[in-house]
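The values are calculated or read from the model by the stated rules, or taken from the named source; none is laboratory data. None of these values were measured; they are calculated from a predicted model. Note that we place each Cβ from the backbone using ideal geometry, even for glycine, and neighbour counts take in every protein chain shown.
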């Protein structure tokens, strides 16, 4: 019995070492294959480039060094058949445009029926930022949604002049790059958020290597590591069962074979568990170290705590001024979580949630609040108090003011 | 100085809990030193809070002086009762660790390295998490909105604030006035003893409760197996990221989990014991821990107690006519102990119009099927990193190890877990509380309560699966 039990543990040790070694090997090529590989490039350099596209709601355009320049009234659409081999070889798209002044730009993948009519569409919209913009689409996240699509369309919505559409890059990643993408998505540690006490998402896996880190919000679109592990464990179990059956055919006792299968299976699961723990433990430790460097050990002026930033520092600053108060008016960018935090921190002084009852105004990070020349507190440019005094200032957007409410 | 006073305040809770356990065990001791310490801290926190609650109701202020009077009273009563019952304070024999049921395994060099590395990793996580726990400002919602807020209100006002009108937002501490008081009053005691309200002081007890959970869990697994399996199980428990986050943050769910584990473990020991004296002691521990559990969170009364009554009653009628009478007697003794907390607390709640349920009262709920709950729960349990691979592994082990548990007392723990899980599922699937499952809020915290028990069952099944019948079991 002891030998059998011992061999389970030994197997766990061996498999754990193998897992760690495998991961270490994955790390080695990660930076040697980082160059972006363009499978096809659509630019606006020559007249033929303009002719390659179809246009709706767009009558005129001007070829410039930075791309095709045009004006948009309400909506303009440009579209073009996807390149040969798109579904097999393209792993990501990178767009470059300058849509300053528009409401939205959307990329559509259209599937046509036999009559050339749109049978299915998949739409990804992008908020518009000022100036030339690069937008990246990791196809790995949407492979199922765009399966069988024939046409790529770009829609410009809104009213603006001098909109520029520069290029579309169809990117292809090598196997090593994809492995690196898988590794990086696995190793991408998540910061602590107010929701971490309820759910920890854990690693999600994608082979995309492009701007994954810049697109953290897209993480939820990729599959959880658990899905891969569960499939892997299922396949491993089936393989073990076949090995066991082969052994019984060669005359081995079922009891021995059963023991071998169970020991190997659970040693494998334990090894995977350890690996997973290392990943999640690293996330936990990294978050504490982050807290240390940005808050515990940071200079008071520089300290910032998780996603609430300078709020704890502001609380420490404000508390001494609130000691004698029963209630005070409290202005913050968002009621949650700041109001509850402030209520706790300054108790028994309470922030007033209703109509003003106090002459003490505590303002944190409000760009729309200031004090005018007559020493009145302004909200959205309008005075809300009689002339009073600035009790203390934390920063340009945060201060404590005393003055009678005068709407 | 504040650190020393905090440690003293924690130690006092532990000693009072341990003395109470000494009294509960009487002349026949079954607990090891590790269990005395772990159970002592858990029980001490609830016991002291319960007595403070009673004292506050009769007008004792929640000031340092008032609380020291309460402690003094607890000490005197416990010592007098122990001397009256056992003639001596010192228990007969208290081993450092509980006895193993299986032969201890000799560790190979590689295995020693693996155990060392994993234990080291777990300890590092706990130490680093403790650093964060003691130094962080309040961050997670229920800390500042409920646990620390209500404690601070009691601390500041030095009363239970029952003199306020019922509609006042700070009535009975405010926020969730229906919650029992173990967590809040433990924090009030710590802050008063330390000489002031400080996050580090009032949050430190959560780290201590987490360590008490780990120690109880290790001791429990050692009793059911051996040191190696106990280490493996404790490592597995510590590695669960959501439990670790809870262990190292000022939430009450780890304390609830620790109580639930000790309650079910003592129930298991009661079932397993062949010696009548052992069985009696485990029954009393089971009863006392169940009673104390009711003073931690509302879930204890609403979700954990009813199925416990069910499986305990079931276990009493399973053993034939002759034993039925005896076990029925056990049931009534257990019920009598539990009612010492349950009845006054329920009476108090009814008298003051406090709700039953979790943070939200359940009285006004209508049962209507809610969409998306099953999908959200499946995603939460199987496809997030908070529990690693625990739930699929648990299902696999229950399936593969069926012949190991179907005739073992462990089946009642599994039945209990199943009833609780099904109960929680139907609460979310049929009431407006579904939002807590769909948004992944309350559901995940509810699972934290069950994690130690689930890991415990998994490790026992794994151990039995990998240990052939001609094993070196000592029992």
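Any residue in segment B:121-150 that is within 30 Å of residue B:231 (Cα to Cα) sitting within a Cβ distance under 6 Å of a residue that is at pLDDT 95 or above and not in a helix (DSSP H, G or I)? List the pairs, counting only those 6 or more apart or interchain.
Within 6 Å, the pairs are B:129/B:248; B:133/B:248.
Where residues in segment A:380-400 are under 34 Å from the mean Cα position of the chain (by Cα) and assigned to a strand (DSSP E or B), which of them is farthest from residue B:149 (Cα to Cα)?
Step by step, filter segment A:380-400, then rank; the result is A:395.
Scan segment B:444-452 and give yes if some residue there is in a loop (DSSP other than H, G, I, E, B), within 12 Å of another protein chain (Cβ to nearest Cβ) and touching a helix residue (DSSP H, G or I) at 6+ places or on another chain (Cβ under 8 Å), otherwise no.
The answer is no, given that none of the residues of segment B:444-452 is in a loop (DSSP other than H, G, I, E, B), within 12 Å of another protein chain (Cβ to nearest Cβ) and touching a helix residue (DSSP H, G or I) at 6+ places or on another chain (Cβ under 8 Å).
Inspect all residues belonging to segment A:325-336 and state whether any of them is without any contact (Cβ under 8 Å) to a residue 24 or more places away in the chain, more than 18 Å from residue A:393 (Cα to Cα) and assigned to a strand (DSSP E or B).
Checked segment A:325-336: no residue is without any contact (Cβ under 8 Å) to a residue 24 or more places away in the chain, more than 18 Å from residue A:393 (Cα to Cα) and assigned to a strand (DSSP E or B).
Just to be sure before I move on: is residue B:281 within 13 Å of chain A (Cβ to nearest Cβ) and either surrounded by fewer than 24 Cβ atoms within 10 Å (Cβ to Cβ) or assigned to a helix (DSSP H, G or I) (or both) in the structure I sent?
In short, no.
Go through segment A:185-203 and count every residue that is crowded, with 19+ Cβ neighbours inside 10 Å and at pLDDT below 90.
Number of matching residues: 1.
Quick check: is even one residue across segment A:223-241 in contact (Cβ under 8 Å) with a residue 24 or more places away in the chain, surrounded by fewer than 19 Cβ atoms within 10 Å (Cβ to Cβ) and within 20 Å of the chain's Cα centre (by Cα)?
no
Pick out the one residue from A:167, A:149 that is outside any loop (DSSP other than H, G, I, E, B) and either surrounded by 14 or more Cβ atoms within 10 Å (Cβ to Cβ) or assigned by TED's automatic domain parsing to the domain that holds residue A:84 (or both).
Checking each option against the conditions leaves just A:167.
Would you call residue B:159 within 14 Å of chain A (Cβ to nearest Cβ), crowded, with 18+ Cβ neighbours inside 10 Å and over 26 Å from the mean Cα position of the chain (by Cα)?
Against the criterion (within 14 Å of chain A (Cβ to nearest Cβ), crowded, with 18+ Cβ neighbours inside 10 Å and over 26 Å from the mean Cα position of the chain (by Cα)), residue B:159 qualifies.
Within segment B:139-160, which residues are in contact with a helix residue (DSSP H, G or I) (Cβ under 7 Å, 6 or more places away or on another chain), in a loop (DSSP other than H, G, I, E, B) and closer than 27 Å to residue B:8 by Cβ?
B:159, B:160
Which numbered condition in (1) in contact with a helix residue (DSSP H, G or I) (Cβ under 9 Å, 6 or more places away or on another chain); (2) surrounded by fewer than 20 Cβ atoms within 10 Å (Cβ to Cβ); (3) over 30 Å from residue B:458 (Cβ atoms) is the only one that residue A:332 fails?
(2)
Does segment B:444-455 contain any residue that is surrounded by 20 or more Cβ atoms within 10 Å (Cβ to Cβ) and without any contact (Cβ under 8 Å) to a residue 24 or more places away in the chain?
The answer is no; no qualifying residue exists.
For segment B:189-249, list the helices (runs of 4 or more DSSP H) that sit wholly inside it and hold at least 2 residues that are touching a residue at least 12 places away in the same chain (Cβ under 8 Å), buried (at least 24 other Cβ atoms within 10 Å of the Cβ) and more than 11 Å from every other protein chain (Cβ to nearest Cβ); which are they?
B:199-224, B:227-239
Conditions tested, residue by residue: (1) surrounded by 15 or more Cβ atoms within 10 Å (Cβ to Cβ); (2) over 19 Å from residue A:54 (Cα atoms).
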residue: A:82; (1), (2): yes, no
residue: A:93; (1), (2): yes, yes
residue: A:107; (1), (2): yes, no
residue: A:112; (1), (2): yes, no
residue: A:118; (1), (2): no, no
residue: A:126; (1), (2): yes, yes
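If you scan segment B:377-403, which residues turn out to be more than 19 Å from residue A:272 (Cβ to Cβ) and surrounded by 19 or more Cβ atoms within 10 Å (Cβ to Cβ)?
B:377, B:380, B:401
For segment A:80-94, how many residues meet the condition of being at pLDDT 95 or above and assigned to a strand (DSSP E or B)?
Of the residues in segment A:80-94, 2 are at pLDDT 95 or above and assigned to a strand (DSSP E or B).
Answer with yes or no whether residue A:319 is under 25 Å from residue A:371 (Cβ atoms), under 23 Å from the mean Cα position of the chain (by Cα) and outside the structural domain of residue A:200 (by TED's automatic domain parsing).
In short, no.
Scan segment B:146-156 residue by residue and report those that are facing chain A (nearest Cβ under 8 Å), buried (at least 18 other Cβ atoms within 10 Å of the Cβ) and over 15 Å from residue B:203 (Cβ atoms).
Of everything in segment B:146-156, just one residue is facing chain A (nearest Cβ under 8 Å), buried (at least 18 other Cβ atoms within 10 Å of the Cβ) and over 15 Å from residue B:203 (Cβ atoms), namely B:153.
Can you name every residue in segment B:266-277 that is in contact (Cβ under 8 Å) with a residue 40 or more places away in the chain and closer than 15 Å to residue B:309 by Cα?
B:267, B:268, B:270, B:271
If you go through segment B:383-424 one residue at a time, how many are over 24 Å from residue B:463 (Cβ atoms) and in contact with a helix residue (DSSP H, G or I) (Cβ under 7 Å, 6 or more places away or on another chain)?
Counting residues in segment B:383-424 that are over 24 Å from residue B:463 (Cβ atoms) and in contact with a helix residue (DSSP H, G or I) (Cβ under 7 Å, 6 or more places away or on another chain) gives 6.
Based on this model, can you work out whether residue A:277 counts as within 7 Å of chain B (Cβ to nearest Cβ), buried (at least 19 other Cβ atoms within 10 Å of the Cβ), more than 19 Å from the chain's Cα centre (by Cα) and within 30 Å of residue A:13 (Cβ to Cβ)?
Criteria met by residue A:277.
Return yes or no: is residue B:165 surrounded by fewer than 24 Cβ atoms within 10 Å (Cβ to Cβ), assigned to a loop (DSSP other than H, G, I, E, B) and in contact (Cβ under 8 Å) with a residue 12 or more places away in the chain?
no
For segment B:101-138, give me each residue that is in a loop (DSSP other than H, G, I, E, B), crowded, with 21+ Cβ neighbours inside 10 Å and either more than 7 Å from chain A (Cβ to nearest Cβ) or within 24 Å of the chain's Cα centre (by Cα) (or both).
B:138
Identify the residue in segment A:285-308 that is out of contact with any helix residue (DSSP H, G or I) (no Cβ under 9 Å at 6 or more places or on another chain) and away from chain B (no Cβ under 12 Å) and, among all such residues, is modelled with the highest pLDDT.
The selected residue is A:293.
Which of the residues that make up segment A:226-259 are at pLDDT below 95 and either in contact with a strand residue (DSSP E or B) (Cβ under 8 Å, 6 or more places away or on another chain) or within 11 Å of another protein chain (Cβ to nearest Cβ) (or both)?
A:255, A:256, A:258, A:259
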